[in-house]
1. Against the definition (on the phi < 0 side of the Ramachandran plot, charged (D, E, K, R), within 12 Å of another protein chain (Cβ to nearest Cβ) and touching a strand residue (DSSP E or B) at 6+ places or on another chain (Cβ under 7 Å)), how does B:ARG145 come out, yes or no?
2. Quick one: would you say A:VAL66 is touching a helix residue (DSSP H, G or I) at 6+ places or on another chain (Cβ under 8 Å) and open to solvent by less than 10 Å² (accessible area, probe 1.4 Å)?
3. What number goes with the only condition from (1) buried (at least 17 other Cβ atoms within 10 Å of the Cβ); (2) in contact with a Phe, Trp or Tyr (Cβ under 9 Å, 6 or more places away or on another chain) that A:MET217 does not pass?
4. Quick one: A:ASP121 ticks every box in (1) within 13 Å of chain B (Cβ to nearest Cβ); (2) more than 22 Å from the chain's Cα centre (by Cα); (3) open to solvent by 10 Å² or more (accessible area, probe 1.4 Å) except a single one, so which number is it?
5. Please indicate, with yes or no, whether at least one residue in region B:252-259 is assigned to a loop (DSSP other than H, G, I, E, B) and out of contact with any helix residue (DSSP H, G or I) (no Cβ under 7 Å at 6 or more places or on another chain).
6. Condition first: open to solvent by less than 30 Å² (accessible area, probe 1.4 Å) and closer than 20 Å to A:ARG44 by Cα. Now tell me which residues in region A:85-101 satisfy that.
7. Kindly provide the set of residues from region B:403-433 that are open to solvent by less than 80 Å² (accessible area, probe 1.4 Å), under 28 Å from the mean Cα position of the chain (by Cα) and of a type in the set (D, E, K, R), ordered by number.
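The values are calculated or read from the model by the stated rules, or taken from the named source; none is laboratory data. Being a predicted model, the structure only gives us computed values, none of them experimental. Note: ideal-geometry Cβ built from the backbone for every residue, glycine included; neighbour counts use all protein chains shown. Heads up: the accessible areas ignore ligands, DNA and RNA and are worked out on the full protein's heavy atoms, side chains in. Shrake-Rupley method; radii C 1.70, N 1.55, O 1.52, S 1.80 Å.
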Amino acid sequence: MGTQEIIERCEAIHEDLNFTAARDWKAAEPGRHVIGHLPIYVPRELIHAAGMLPLGIYGGGDQMEVIQGDAFYQSYICRIPRSTIELALTGRLDFVEGMLFPSICDVIRNLSGVWKLTQKDTYVRYMDVPQNYDKEIGGRFYIREMQELLEGLEGISGRKVTNEDLLASIKLFNVNRRLINQLYAMRIEQPWNIPVTEVYLLMRAGQVLPVEEHNVMMTDYIAAIGDVERPQKDNTKVVMNGMFCEQPPLNLIRSIELSGCYVVDDDFILVNRWLREDVKEEGDALKNLSDCFIDHSTRTSATYEPSEELKGAQLVEAVRKSGAEGVIFAAPSFCDPALLERPMLQDVLDANNIPNIAFKYAENTGQMQPIREQAGTFADSIKLWS
Amino acid sequence: MTTEKKAPVDLSKDVQKDASQLLQKEMIRGNYERLAQAEENHKEKVVYTFVPGNLNELVMCFDVVGNYPEINALQSAMQKKTGAYVMEAERAGQDEDVCTYVKADLGMMRKGNIGPAGKKLADPDLLLLSYTGCFTFMKWFELLRHEYKCDTTMLHVPYQGDGEITQSMRDYVVKQLKEEVIPALERTSGVKFDIDRLREHLRESAKAEDKLVQVLESAKLKPSPIDSYFGGLYYVGPTFSAFRGTPECTAYYDALWDEVNERIQKGQGPVTPEGVMTEEKYRLVVEGPLNYTHMREFWKMFYDEGAVVVASSYTKVGGNYEQGFRHDPDNPLESLADYCLGCYTNLNLPSRTKMLENYLNDYEADGLLINSIKSCNSFSAGQLLMMNEIEKRTGKPAAFVETDLVDPRYFSPSNVKNRLESYFQMVDQKRSAA
């Protein structure tokens, strides 16, 4: 299968707000269940081990008209909760038996309550991952959180999840993580050959497809990309930061590249890359997941950074590792975590002489010209003056 | 107009205050003086912390002086200073979309950290980030740490996503207290932790909490002798801040209760800045924080119409005592954990909705008013659904106004007044239809 065919399928999945692929998976065998989750991170291994499909819900994007959802939120609240509730109220999530709301911010946290009040037949769980990164404190709490989630999932399926089930799922997601890391590494090497839109669409497909199928898709794409030779441009390599929750429209991502930037790292779909190392594949599965979370989590603005010295260190590392020449901060409007974090990260970048710019967007932003001009000017200025 | 005074008033002056209010003012002044002294002579260590989930009893065990940035922001807002502070923070790179409490604090710091009492406040020796019910707190103290480069300790308080406190949550908080927070306070202060000292403070807290509940529940009477929102701000002040667990705090509540009881005996309504309300026309439950930049103007819109707030959620943000929780000297750390876990914004939406519904019934209120705060997502996200749910469950009318805590740009007096007047008409119509 060629890259074009793979990407066309990914694009169809991305545009399909009825989640047909996930519906088809569920319909294929009786007793299958689908559990939705919001960004940024949930331990999808648990859902998989329970014989269920984890379905990443990333709002309604720029193709969906939000009507009922706007009645739930004031004008000064970001767009993702209103388009997400719109998905539910319009029946697009009627096949989803459970929804997980990770601890990102107050808005997503409270969305779990909106779900409890409006979607009474759905299993709803707020996933409170620890902000304390001590194995004996936060780690223990996290294990208990995962046990409670498992109990909830077992209640839906009526099937006990064993340690072996969990270890088998861990193995599959480790493979997935390695493939994704391989793709990102290849993109750093050949950004002209692997457009950011293709990486993005592959990541989004992984939010809808079963991990087994996504692993095949990723393997096929990585194999096929070797046959592709696209013209190399004199673009500026950038890292994008701040887009971890409400997603930018695909056109915005495309516009960044068209403006003269190669995006060599990003925080778009972090659930795929949250754990920066493999999870141990033997022993106590929940402890392995917890230990990996404590030791190898991605740092974002939704997490507490215990050390001032480490603030922004992962971002600087991403710049250095990818050979990026600058950082583009792009945050959704009214996103408290990303917007409050940004000035601190900008200071860290300035101290490391890393050029950066910032803008805001919404998932339904339609005007790309200003963003293209801003990103283009940024890319040009780096080429001319850095 | 339903207060005893009728003549036009100068909103910047002519404020009538109860003796308890003056007592509290003196307590606050004393704390600001300690913070100013700490800046001058460096004899006391300074700990900055937040109102919801504050660990005042624990902090006092280390002979440090506490500073509450939220209190500074709201005091500064009442003094009309925060508009400039917010803009100063925005000039320094903070986005216009984010929490204005944070920006007011950062702006004050950038302008010399001159506190509401007019003196420079001491820089923190420790930032005690009790992260309860609000994600922004986490970034707020990271931003302060970024500026002050001082020690920080964090207490992560899990959210009551399923509407209950589990043993796992309690254990997690207690373990953090034992292994992170107390050692950090010991390091900063050089004082060894003494659990018996903590027990003594907790015993004192429970006394004040009993009295606070007595005061708040007096609003079930008709007429209500108190206003639980505007007046309630003053009533909760000492338990929400640097005084809970002190004999002075208990004395304040004794004095407050005496005043309220006296009004009950006389059949009087609440005290407003223009005197005692003479006619109670509307009994309201209010959800959401206050606007501080135009507090008196806002309050006047209520008392001029004879509207009394008989219960509010805002007065539960720094402690939720009506359901029976008290700080417990016999289970000191566990009760600190339960206190943090039980603060209002740490409750899930169904629990918040149920609580407001109960208020409407128990306090025989005419309806619900939501003051939605532009920059407080913790409160605001989901309020429209809560409003609809409560209307559906109680059949009582609800209304929605939008202001901000400390950013004067978001207080539009004519809009708010229009909404309130329409709302009161709606209540009248409901009554006449009944």
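1. Yes.
2. no
3. Of everything listed in (1) buried (at least 17 other Cβ atoms within 10 Å of the Cβ); (2) in contact with a Phe, Trp or Tyr (Cβ under 9 Å, 6 or more places away or on another chain), A:MET217 misses just condition (2).
4. Going through the list (1) within 13 Å of chain B (Cβ to nearest Cβ); (2) more than 22 Å from the chain's Cα centre (by Cα); (3) open to solvent by 10 Å² or more (accessible area, probe 1.4 Å), A:ASP121 breaks only (1).
5. No, region B:252-259 contains no residue that is assigned to a loop (DSSP other than H, G, I, E, B) and out of contact with any helix residue (DSSP H, G or I) (no Cβ under 7 Å at 6 or more places or on another chain).
6. Correct list: A:LEU93, A:PHE95, A:VAL96, A:GLY98, A:MET99, A:LEU100, A:PHE101.
7. Correct list: B:ASP404, B:ASP407, B:GLU421.
Yes or no, residue by residue, for (1) of a type in the set (Val, Ile, Thr); (2) within 14 Å of chain A (Cβ to nearest Cβ); (3) assigned to a strand (DSSP E or B):
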site	(1), (2), (3)
B:GLU57	no, no, no
B:ALA77	no, no, no
B:ALA84	no, no, no
B:GLU88	no, yes, no
B:VAL102	yes, yes, no
B:ALA122	no, no, no
B:GLY133	no, yes, no
